[in-house]
Amino acid sequence: NEDLEHKVEERTVELNRANTELRDRVGELVQMENWRKKWFTHISHDLKTPAAVAKGFIDAILDGKIPDDQTGKYLIKVTERIQTINRLVRDLNDLSLLETGQIRIQPERHDAGPFFRRLIAKWTDPISLGGRAIIVEENGQSAQILADPHYIGRAVNNIIENAVKYSPSDSTVTVSIDHEPDRVVFRVIDQGAGIPAESLPYVFDSFYRVDKSRNSSIPGSGLGLSIAREIVRLHGGDIGVELNAGHGCTFLIALPVDGSEEA
Ligand code: ADP
């Protein structure tokens, strides 16, 4: 009898465990399904809005509601909306390829200081910064890193573009390259409004935009930082954000120093 009781007890424990595992799995699937639905809602909304606005402008021109001397101005607005759609489709495609491992990065050995300086060269032109000043600082002895210039260039671009988009036109963007013993840290420090502390953990998530940005006229898909994070992850590096003591925030990309023999 005792033997039977023991077996029943054992079976009950096993069943409970299986039950818990099943519940966890169902929970995960429900979460994934919710996530998928949210993605589709975001994508369709973000594509529908510019398409509807562009169509509205074209209809107004075709219906003769726009004076002839104004059509050029409206066609430029149509082009801008088409560019928004193109950018979103490109970013979605790139993010999906990166996340599913379909993009192979081709890391090459580079001297970190000159490497990052080359990537930011186009931003030292005052026009690309919309009047903002740029300061470039470099500290420490430059070391070798393994990096794919195309993709790290993309990540660097995305964070500088954000620093420009989200800060006033009379402010300064500081770029610093710090050579630490094991890693090189590339920082972009802006003097914008910063990011609410409660939003910080989410800024690298796909489609996440701080409410203020979402409701503003500043264009964006909410994918730039997710793409940057995937690229940095593929390089075995870290990406992060910190709030500055005064105004604005600092985004950083840290890449490991290549300590191999050849370096
Ligand atoms: P977006 O295309 O909207 O700029 P990102 O993925 O690049 O998308 O950034 C996500 C969100 O993080 C932005 O919408 C914005 O709210 C916030 N953000 C990113 N960089 C900055 C910054 N330098 N200053 C303030 N907010 C920022």
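The values are calculated or read from the model by the stated rules, or taken from the named source; none is laboratory data. Because the structure is predicted, anything quoted here is derived from the model rather than measured. Ideal geometry is used to build each Cβ from the backbone, glycine not excepted, and the neighbour counts take in all protein chains shown. Protein only, heavy atoms only, side chains kept; ligands, DNA and RNA dropped before computing areas. Shrake-Rupley method; radii C 1.70, N 1.55, O 1.52, S 1.80 Å.
Below is a table of values for the structure above.
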item: Whole-number accessible area per residue in Å² for segment 164-263, which is evaluated in the context of all protein chains at 1.4 Å; result: 47 Å²
item: Average accessible surface area per residue within segment 63-132, 1.4 Å rolling probe, Å²; result: 65 Å²
item: Amide hydrogen neighbours beyond the local backbone of VAL173, cut-off 5 Å, H modeled; result: ALA133, ILE134, ILE135
item: Extension gain, ILE43 back to VAL89 (0.36 nm per residue minus Cα-Cα distance, nm); result: 15.6 nm
item: Percent accessible area from carbon and sulfur atoms, the chain, protein chains only, probe 1.4 Å; result: 53 percent
item: Segment 211-263: GluC sites (Glu not before Pro) in DSSP coil with no more than 16 other Cβ atoms inside 10 Å; result: GLU261, GLU262
item: Karplus (6.51, -1.76, 1.60) ³J(HN,Hα), θ = phi - 60°, over segment 240-252, in Hz, Gly and Pro reported as x; result: x, 9, 9, 8, 7, 4, x, 9, x, 9, 10, 9, 9
item: Counting DSSP beta bridges with both ends in the chain, the antiparallel % (nearest 5); result: 75 percent
item: Gaussian network model of the chain, Cα within-10 Å springs - most flexible of VAL13, VAL26, VAL185; result: VAL13
item: Kyte-Doolittle at least -1.0, axis length at least 18 Å by Cα - qualifying DSSP helices, the chain; result: 2-62, 71-99, 149-165
item: Mean projection area, nm², convex hull over Cα of segment 28-86; result: 4.5 nm²
item: Percentage relative contact order, the chain, counting C-alpha pairs under 8 Å, at least six apart; result: 17 percent
item: Magnitude of the charge dipole, the chain, Cβ model with Lys/Arg +1 and Asp/Glu -1, debye to 20; result: 1380 debye
item: Lysine-lysine proximity count for segment 48-170, Cα under 20 Å, sequence distance 8 or more or distinct chains; result: 8
